[in-house]
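What follows is a short report on a single structure.
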Amino acid sequence: AQVAMIGKARLRISDTLESNVTIQQIAEELGVSYSNFRKLFKEYTGLSPATYQQELRLRRAKELLTTTDLSVKEIAYRLNFESPDYFSAKFKAKMGCKPSDIKQK
């Protein structure tokens, strides 16, 4: 049952990258406490739900940068990053280059 729940959670996180659904809300939807959910999620995936969500958002951002004409700023807001600067910093840390570097190619 836990494996199925984590599977559902991963799908839900993936489906809500462009909305402002929080990890807490996803835990609630699945009928578990946030702390319990966080613990289980990390046990099964090796990542906290928030880290997992951010990694997926950064991957989606890379996809949007390469396949659309959206600006870095538009992508940052579309994927619910606090600010374009915060998004750029996280992106650079994960991908090794700035979003604007990809945009220019």
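Normalising the Debye intensity of the chain to I(0), with uniform scatterers on Cα atoms only, and taking log10 at q = 0.15, 0.16, 0.21 Å⁻¹ returns -0.63, -0.70, -1.02.
Per-residue counts of other Cβ atoms within 10 Å, averaged by peptide: what ranking do you get for 9-15, 19-25, 66-72, highest first?
Packing order, densest peptide first, comes out as 9-15, 19-25, 66-72.
Defining a contact as two alpha carbons under 8 Å apart and six or more residues distant in sequence, what relative contact order in percent does the chain show? Spell out each step's value before the answer.
Details: 83 pairs, mean separation 23.6, N = 105.
22 percent.
May I ask for the angle, rounded to the nearest 10°, between helix 84-95 and the longest principal axis of the chain, with both axes built from Cα atoms and the value confined to 0 to 90°? Taking the Cα atoms of the chain, the angle to 84-95 is about 80 degrees.
Can you send over the carbon and sulfur percentage of the accessible area for the chain, probe radius 1.4 Å, protein chains only? Intermediate results must be reported in sequence, preceding the final value.
Working: 3010 of 6350 Å².
The nonpolar share, carbon plus sulfur, comes to 47 percent.
The values are calculated or read from the model by the stated rules, or taken from the named source; none is laboratory data. Predicted, not measured: the structure shown is a model, and the values here were computed from it. When we count neighbours, we look across all protein chains shown, and the Cβ atoms used for this are built from the backbone with ideal geometry, even at glycine. Just so you know, the surface numbers come from the protein's heavy atoms only, side chains and all, with ligands and any DNA or RNA stripped out. Shrake-Rupley method; radii C 1.70, N 1.55, O 1.52, S 1.80 Å.
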